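What follows is a set of notes on a single structure, which appears directly below.
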Amino acid sequence: MSGIFAISKSGIDVFDALESPVDPNDFIIHSGYSTFKILVQGKLLNQTVSGQPTTFSVAHNLGYIPNFYSFCKFPDDKVVMNGEFSYDFTGHYPASNGYGYFVAEADSTYLYFLVYRNDGASNFNVNIKYFIFEVVL
Amino acid sequence: MSIIARVSLPGIDALGSTDPRDFALFADSDNILIKEKARGTVSIADGYNETIAHNLGYFPHVYVWAQSPTSGRWRLVNGYTINGSWRFYVNETNLIIGNRSGATRSATYFIFYDDIP
């Protein structure tokens, strides 16, 4: 037997929303549409950045390249996603403008986190949080 | 015995699968409740754009992943990278992905029904 599981957003009658044409944006969840499921999440704490870049890796051993999100927390409490700096959008590279740059990559075996130091910056520690989804890239 | 909640996607027997990809809700783990419309992988030559029509009539939530020009691994594409460029933008009709990474490489995209107000 097939059916529909649906939870509508606040203020929307779920039965009205299920009438054709269905607007997926009326729902918090609708069984007709896939979501991202978090398979694994983890942290790398107090990782020392001493190179240019320093690479940290985590084995996921999924056998496929997974979709994942990750966040890097720099010592100035700026938390960034892949491809972002820890500075205030005023410039880059000089150590006076912040700590560095964060890149996150995946292959079929590992996640790789590359942290670049700004020119002239001393070693520093970062925390990294990652979420691996069931979605195959 | 623990109780779990799973809601399978159309055509999938919820009791016959344990693969999270078969489910709209898989409460064994946490879920991000965005509703997927389409996904795909495209190969794009350097210096070219690929246009993927979504025809939703509004700006949808999208993600793009692409191969790094330096390592060949996969990265989330966003606005800036210091070693090789991928770009994308979305409008009310299309998702446009641009490869400026220096060689023909692949990108994988996800388009969701969820709109960006």
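Stretching A:Lys43 away from A:Tyr64 to a fully extended chain increases their span by 5.5 nm, per 0.36 nm per residue minus the current alpha-carbon distance. Amide H to amide H, with H built 1.01 Å from N, B:Phe88 comes under 5 Å of B:Gly98, counting only residues 5 or more places away or on other chains. Think of it as helices only: each DSSP H run of n ≥ 4 in chain A is worth -39500 (n - 2.57), and spread over all residues that comes to -500 deg cm²/dmol at 222 nm. Could you sort out which of A:Lys129/B:Lys35; A:Lys78/B:Lys35; A:Lys9/A:Lys73; A:Lys43/A:Lys78; A:Lys43/B:Lys37 sit more than 28 Å apart by Cα distance in this structure? Those over the limit are A:Lys78/B:Lys35; A:Lys9/A:Lys73; A:Lys43/B:Lys37. Treating r as the C-beta distance of A:Ser50 and A:Lys129 and R0 as 22 Å, the FRET efficiency rounds to 0.60.
Here the simple spin-label model places points 7 Å from the Cα toward Cβ, and for A:Asp76 and A:Ser57 these points are separated by 3.1 nm. Between the beta carbons of B:Ala27 and A:Glu19, assuming R0 = 25 Å, the FRET efficiency works out to 0.35 to the nearest 0.05.
Solvent-accessible area per residue in chain A equals 48 Å², computed with a 1.4 angstrom probe and all protein chains kept.
The values are calculated or read from the model by the stated rules, or taken from the named source; none is laboratory data. Everything numeric here is computed off the predicted structure, so don't read it as measured data. Please note: Cβ atoms are built from the backbone with ideal geometry, for glycine as well, and neighbour counts cover all protein chains shown. The accessibility values were calculated without ligands, DNA or RNA, using every heavy atom of the protein model including side chains. Shrake-Rupley method; radii C 1.70, N 1.55, O 1.52, S 1.80 Å.
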